[in-house]
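Input: a single structure, listed below in structure tokens.
What follows draws every value from the coordinates through simple rules; no lab data is involved. Note that the structure is predicted; figures quoted are calculated from it, not measured. Glycine also receives a Cβ, built like all others from the backbone with ideal geometry; neighbour counts cover every protein chain displayed.
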Amino acid sequence: MNEREYQSRVAECAPALYRAARSILRSEQDCADAVQEAVFQGWIKRGQLRDPARLKPWLTRIVVNECRNLQRSAHRQIRAAEASAAELRAPAPPGTTDLEAALSTLDEKYRLPLVLHYAEGYSIRDIALMLSIPEGRVRQRMHSGRKMLERRLTGDGQD
């Protein structure tokens, strides 16, 4: 894959990569950093991509890894500064829908599979490969996440 083709294909899937990063990270800048680093790492490691038709899921997996790297780095900094966990939760940005606001309150392990499946259209199998977990666990997390969303949207108590 040459540079021009790579740039063209990355431009097509960049919004989906950003949405995947946004489902993990709260900060717009962190999301942009994760996507940029993933695109860079994808270019460097493009020889490892076995099937060029699967570039988008491959890059999504790299984005997920980069997001987790950023979270680990931030977690270490926070522990060092002894900041409270409550400071980590950013409120939903103004103008978000009830669903988006409820989705943003879910833990990452429930939110990410829901976003990847319903917003990005990935199959359960692809999500399992991206997250390095069994397909059954993806299904379980999606089921639990949907139930939590339902309770939050209908106001039927806390989780």
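Miscellaneous remarks
- Filter pass, ILE127 being assigned to a loop (DSSP other than H, G, I, E, B) and hydrophobic (A, V, I, L, M, F, W, C): no
- Enumeration of residues in the range 108-159 that are among the polar types (S, T, N, Q) and either closer than 21 Å to TRP58 by Cβ or under 14 Å from the mean Cα position of the chain (by Cα) (or both): SER123, SER132
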